[in-house]
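**Q** First the structure, then my questions, so here it is.
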Amino acid sequence: MKSKEIYKRAFMLAVPMMIQNGITNMVSLIDNVMVGKLGTEAMTAVSIAGQLIFVFSLAIFGGLSGPGIFGAQFFGQGNTEGIKNSFRMKMIIAVVCSVIGMAIFALFGEELINLYLRGESGDIDKELTLYYAKEYLTIMLVQMLPFALIQVYATTLRETGDSVKPMVGGIASVIVDVVFNYILIYGKFGAPALGVKGAAIATVLARFVEFAVVIIWAHARKKKHTFLQKVFRTIKVPRDLAGKILIKGLPIFSNELLWAGGLAALTQCYSVRGLDIIAGLNISNALCNLLNVVFVSLGSAVGILTGQTLGAMEYEKAEKDAFSLMKFSCGICVLLTAILILLSGIFPKFYDTTEEIRSYGQFFIIITACFFPVQGFLNALYFTLRSGGKTLITFLFDSVYSWVICVPVAVILCEYTPLDVFLIYAIIQALDIIKIVIGYTLVKRRIWISNIVNEESKA
């Protein structure tokens, strides 16, 4: 297949994912900006609580990715029963992870929040920030299980070639979130002004709407989505397949959980330089996370397309497509860099905070933007390796690297050197270039080219 054709396929698959994931992030962005009108304490509190929820979200993505690898290859084979079993495995994982996640946050939420409140507070009230963060996190526990179940359906639909339904569910959720944020945060149309609590309630309502849209619509079209026909007549998964999924999936789950934990740890490292830094990072992350869905979705498309091709045992085609999509993803991210830099001076002005914090946000946006092409290429490398089931390698490649290299470097630089925090942030971003060299070498060696469904491989 010519490069143009694989670009088209990737875009057709990725664009709905971009929209759906972008809308999901838009919910957080809207919460962030609208809460930002309440003051720095409220904004910082939602940022800290959001960082903790983010760890859970990535744990869900990681837990579902193992079955997802099998689901994509089963679809490439035309094996509907295999897709059903991978779906059932996802359901089990989603419920278990949600229960554990809710228990951890319910029991240890305050202690986790306090980890981010160690630095100098300046004009920021720590006690008020803690109160708001606890309030927001407690309410957000309600949406954790619906979020996980949405991902079960959304990922399986994408693996079977339908990324439109998750997108529509996401659009519905953002509309609900905007409306109820306006009503509940500021007390419009006779409703009480609930502030941070209102933002959390609006997000929960939005998540339940998304849940209803995706799941009802999917089940209403069972003739198209054949894997949903009688899928719940049993929750059992063949023991041998469950074992294979767990063997392949555990490294991914561990990777996503530890990687998200690594990001949270990095943020905590920066927080020792002051809560103003966290507030600035919050502004930057709110915008950058909205645009990074582009390369994340392209990476997911790489994983799905190469997984389907590997499932059909078209190994040469899979290799050619993977390299084409890596270059494509990197090129798209160059454009995103330009967009972010243009917005860096405008976006922070939406927040009702100090000029110093707005300036911090602008600098963090610019630094993050400069490394977007690195992240785009890296993401494509990661999903290429994962598509062939090399999950242990991606675990070492990603989360282990974060905890062994990035976090210790950040601790040393933040705690024991006088280096400017922006320079430290840039150094940590630049460390990912080493991962690109390692990942590209592994892909070139073709160790990822395998059919894990049939347990056949070609080096």
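**Q** When the chain is fully extended, how far beyond the present Cα-Cα distance does residue 106 get from residue 234, taking 0.36 nm per residue of separation? Kindly include the intermediate steps, with their values, before the conclusion.
**A** Numbers: separation 128, 0.36 × 128 = 46.08 nm, distance 3.15 nm.
Full-extension gain reported as 42.9 nm.
**Q** Let me know the Rg and Dmax you get for the stretch 111-160 when you use only its Cα atoms, in Å.
**A** Final numbers for Rg and Dmax: 17.1, 52 Å.
**Q** Using a Förster distance of 51 Å, how high is the FRET efficiency between residue 320 and residue 115, based on the Cβ-Cβ distance and rounded to 0.05?
**A** Given R0 = 51 Å and the Cβ-Cβ separation, E is 0.65.
**Q** Which of the listed residues, 270, 310, 196, is farthest toward the dipole's positive end in the chain, when Lys, Arg count +1 and Asp, Glu count -1 at the beta-carbon?
**A** 310
**Q** Do any GluC sites (Glu not before Pro) in the stretch 98-162 lie in a loop, going by DSSP, with at most 16 other beta-carbon atoms within 10 Å of their beta carbon, and if so which?
**A** 120
**Q** Which helices count as membrane-span-like in the chain under these terms: full DSSP H, at least 30 Å along the axis by C-alpha, Kyte-Doolittle mean of 1.0 or more?
**A** Counting only whole DSSP H runs, the qualifying helices are 40-77, 80-114, 164-186, 196-220, 315-343.
**Q** Still on this structure, please answer the following. Which entries of 317/444; 317/390; 4/90 show an alpha-carbon separation above 24 angstrom in the structure shown?
**A** Violating the 24 Å limit, Cα to Cα: 4/90.
**Q** Could you list the residues of the stretch 35-53 with an amide nitrogen less than 13 Å from a label point located 7 Å from the Cα of residue 352 in the Cα-to-C-beta direction?
**A** Answer for the stretch 35-53: 35-43.
**Q** Work out the length of the dipole vector of the chain about its Cα centre, built from +1 on the beta-carbon of each Lys and Arg and -1 on the beta-carbon of each Asp and Glu, and round it to the nearest 20 debye.
**A** I would put it at about 2180 debye.
**Q** Here is a follow-up. Suppose the Debye formula is applied to equal point scatterers at every Cα of the stretch 3-457; what is log10 I(q)/I(0) at q = 0.07, 0.08 Å⁻¹?
**A** Here log10 of I(q) over I(0) equals -0.33, -0.44.
**Q** Do you know the relative contact order of the chain, to the nearest whole percent, from alpha carbon pairs under 8 angstrom that are 6+ apart?
**A** 24 percent
**Q** To make sure I understand the rule: partners must be lysines, Cα under 26 Å from the Cα of residue 37, and not fewer than 8 residues away in the same chain. Which ones qualify?
**A** Partners within reach: 126, 134, 188, 197, 349.
Any read-out appearing in this document is the output of simple, stated calculations on the displayed coordinates, not a laboratory observation. Remember, it's a predicted structure, so these values are computed and weren't measured experimentally. Cβ: placed from backbone, ideal geometry, glycine included. Neighbour counts: every protein chain shown.
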